[in-house]
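Presented below is the structure to which this report refers.
Just so it is clear, none of the values below were taken in a lab; they were calculated from the coordinates. All of these numbers come straight from a predicted model, not from anything done at the bench. Here the Cβ positions follow ideal geometry from the backbone for every residue, glycine too, while neighbour counts run over all protein chains shown.
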Amino acid sequence: MNWTRAQIPDQSGRLAIVTGANSGIGFVTAEILASKGARVILACRNQARAEAAQSRILQNIPSAEIEIGILDLSSLASIEAFAKRTLDTESQVDLLINNAGIMMPPVRTETADGFEMQVGVNHLGHFSLTLQLLPLLNNAPAARVVTVSSLAHYKGRVNLGDLNYKHRRYWRIASYGQSKRANLLFSFELNRRLRAAGARTIATAAHPGWTSTGLQRHIPGARLFNALVAMQPAQGALPTLRAATDLAARGADYFGPKGLTGTRGYPVIVGCASAAKDPASAAKLWLLSEDLTGQRMTAIES
Ligand SMILES: NC(=O)c1ccc[n+]([C@@H]2O[C@H](COP(=O)([O-])OP(=O)(O)OC[C@H]3O[C@@H](n4cnc5c(N)ncnc54)[C@H](OP(=O)(O)O)[C@@H]3O)[C@@H](O)[C@H]2O)c1
């Protein structure tokens, strides 16, 4: 049987934070979680776009509990401010969906802290956010951190000596692949560390195959391919939703579309590049990410 939104259990009483929730896969993820009763924080960088998303959800689901939290993943200060507000106002977080992302901007740009933009937003921003929210996640009875990767991780070698393309020529395709490989290394390492610490929280991962969104705006011809072959966001969000809510899912499960070389279909557990599962590389990336972001995993109270 295909896994669809109909299989999502009731989410009443749960709090979900979805990064990049104002468009594409993040928007649908937030809307469906809200339709199942979760209270959802749209963690977005732009107030107007976040409010537009909130209004659209409320139009469709008038009873939805939808809030906005301003979060710019290209700024460690913004991430800290978001995390502090959340720590000050919430007692627990049940779902953290690390969804926001950018793909292949043509020229190398930097985050406020000097990280190359793709690895800075897609990986380091989410690394910093997750570590700061872990105390709230660990307060929940069965929290999950879902990190959204991509088929592009197969081509993404992580260069620990020059993660930020400071000393090598910027290649936007390789840089995107690196950030998406880093997403998986991070997710699996997070799960290992949570398990070792005896935490109830688990980390899972997902990828949406090929889904028609604004993500591919820097790729020539993408609009045509999107119109011809891509899935719509309502289906592209299903791997994320399954990773977040399937009661049978376990830590380190990675969900993606079943069909057509993983580009489309209903969500199932999928494999990944063996290098993305390498614990030694993951541990090195973790240490580097700690150094770059200044965040450490806090001790877990049971
Ligand atoms: N679509 C696909 O086929 C595909 C395939 C593989 C993986 N993915 C992954 O799926 C995830 C969602 O992408 P999508 O396809 O839904 O694309 P999208 O519609 O472009 O959504 C990306 C979201 O990320 C947000 N974002 C970008 N930079 C940010 C920042 N600095 N701080 C906070 N939020 C930021 C965007 O906000 P703004 O609107 O303000 O820019 C937007 O809400 C990404 O991680 C992407 O890598 C997508």
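Observations on the model:
- Euclidean distance between Cα centres, the range 1-39 to the range 241-302, Å: 19
- Within the range 127-208, trypsin sites (Lys or Arg not before Pro) in DSSP loop having at most 13 other beta-carbon neighbours inside 10 Å: ARG157, LYS166, ARG168, ARG169
- Using θ = phi - 60° in the Karplus curve 6.51 cos²θ - 1.76 cosθ + 1.60, the 3J(HN,Hα) couplings for the range 153-169 round to 5, 4, 9, x, 6, 8, 9, 5, x, 8, 4, 9, 6, 8, 10, 9, 5 Hz; x is entered for Gly and Pro.
- Cross-link pairs LYS84/LYS277; LYS36/LYS84; LYS180/LYS284; LYS155/LYS277; LYS166/LYS277 - those with Cα-Cα distance over 24 Å: LYS84/LYS277; LYS36/LYS84; LYS166/LYS277
- Potential lengthening of the chain between SER274 and ARG195 amounts to 26.4 nm, from the contour at 0.36 nm per residue minus the alpha-carbon distance.
- With the highest mean first, a sort of the peptides 208-216, 35-43 on other beta-carbon atoms found within 10 angstrom per residue produces 35-43, 208-216.
- Here ALA227 and GLU67 are evaluated by their C-beta separation; at R0 = 30 Å the FRET efficiency comes out at 0.30.
- Prolate/oblate/rounded call for the chain, Cα gyration tensor, a/c under 1.5 rounded: rounded
- Percent antiparallel among DSSP beta bridges (both partners in the chain, rounded to 5): 15
- 5 angstrom amide H check on VAL270, placed H, neighbours 5+ away: TYR254, PHE255, GLY256
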